Amino acid sequence: MAHHWHDIHHLFGAMDFFRNQMNSLLQDADRSYITDRSWGIRDGFPRTNLSDTGDNLELFAEVPGVSKEKLNVKIQGNYLEISGTRLAASPEGYTLHRNERVSSSFSRSFTLPYEVDATKVTATLNDGILKIVLPKSEAAKPRQVTIS
Amino acid sequence: MSESEIIARSEQPADVVSQLPTVAPPVDTFENEKEILLHVDLPGVQKDAIVINIDNGKLTLSAVRSVPTAGAQAWREIADVQFRRIFAVPQSIDVNNVRAELKDGVLCLHLPKSEAAGPRQIEITTG
C-alpha cells in the first residue's frame, strides 16, 4: 500500500512541475489576460512590479476598476498586504451579455526584501495602477563606506 | 559604387517595428433598450493612448500601456503591452453618437442604438 502511495505522490509531483512550467511560460509572455488565469490558482491578482531605487522600494499594482475607497494597504516591518474589493456588477437597467472581468475581493501579501519605514510610505492611484513608494528604514539604506 | 559603400549600406539598422506584445483586455458587455455598453479593463492606460475606430461594422479598440520603471527590478509581472480588441458592431448602432469615458483604468464605451432601429410593426396593406 505504501508503495502505491509513493507512486501517486510521484505523479502529482510531476503534474505540479508541469503546471509551474506552464505558469512561468504564460506569466512571462503576458499574452492573454483571460487564459492565463485558468492555469493553476488565481492567486496572482493584482499583478505587481517591484523595483529598488536605492533609498526606496517602489511597488506598482494593477487594479483596474477599483476605487481609492475600496483599497487597503497594510505594512508591518517588511510585510506588505494589498487588499480590496473589485465591483464589476451590471449597471442599473442593463442586461449582461458577456462577463469576462472578474468581480471579487482580493488580497495579496508580500515579504519585502528590506524593512521599510511605515510612517513615510505613500500610495497613489492613477488610471487603475496603484503606486506605493516605500522608503527603506535607516538600517537598510545603502551606505558609502570610506576606505581607510 | 565602391566596395566600402556597399558595406556601409548593409550595416544600417533595420526598420524599427512595434514589438509590444498584443494583449486582449477582458470586456464585459451590457445592453439596454437604448444602447450597448462595454466595460474594458485598461489598467495604466492614459486617455490619449487609446484609439477607437469604427469602420465597416467593425469597432477596433487599441491602446498602448507603458509602465514606468526606475531602479533595479526585483520582479516584474506588469509589462508594456498593446491592448487590442476588435468587435463586430451591429448596423443598428448610431456610429456618430458613440462616446467613451475612462475611469480608474476602466473604459466605458457607450454604443447608442439608432432611433430607426427600434422594433417596428409593419402594416400589411391589401392591394
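The values are calculated or read from the model by the stated rules, or taken from the named source; none is laboratory data. This structure is a prediction, so every number in the text was calculated from the model and none was measured. Don't worry about glycine lacking a Cβ; one is built from the backbone with ideal geometry, like all the others, and counts go over all protein chains shown. Surface areas here come from the heavy atoms of the whole protein model, side chains and all, with no ligands, DNA or RNA. Shrake-Rupley method; radii C 1.70, N 1.55, O 1.52, S 1.80 Å.
When the surface is traced with a 1.4 Å probe over the full set of protein chains, residue B:20 keeps roughly 60 Å² accessible. Taking packing as the residue-averaged number of other Cβ atoms within 10 angstrom, the listed peptides B:60-70, B:39-49 run from highest to lowest as B:39-49, B:60-70. Under 5 Å between amide hydrogens, built in the peptide plane, is the criterion, and for residue B:27 it picks out A:100, A:101 among residues at least 5 positions away or on other chains. Taking GluC sites (Glu not before Pro) across the stretch B:30-100, the ones in a DSSP loop with at most 14 further Cβ atoms lying within 10 angstrom of their Cβ are B:33. Interface area, chains B and A: about 3500 Å² of buried accessible surface, summed, with a 1.4 Å probe and ligands, DNA and RNA left out. Computed from phi, the 3J(HN,Hα) profile of the stretch B:49-57 under the Karplus parametrisation 6.51, -1.76, 1.60 (θ = phi - 60°) reads 8, 9, 10, 10, 10, 10, 8, 6, x Hz, with x in place of Gly and Pro.
Across the residues of A:90-97, average count of Cβ atoms on other protein chains within 10 Å?
Values: counts 5, 6, 1, 4, 10, 5, 4, 7.
Partner-chain Cβ atoms within 10 Å, mean over residues of A:90-97: 5.
Under 5 Å from the amide H of residue A:67 lies no amide H of any residue 5 or more positions distant or on a separate chain, with H modelled from the backbone and absent for Pro and chain starts. For residue A:68, the lysines whose Cα comes closer than 24 Å to its Cα, not counting residues fewer than 8 places off in the same chain, are A:120, A:131, B:47, B:103.
Loop-only GluC sites (Glu not before Pro) in the stretch A:65-101, please: DSSP not H, G, I, E or B, and at most 15 other Cβ atoms within 10 Å. If you can, show how the numbers build up before the last one.
Working: sites: A:69, A:81, A:92, A:100; in loops: A:92, A:100.
Listed in order of number, the matching sites are A:92.
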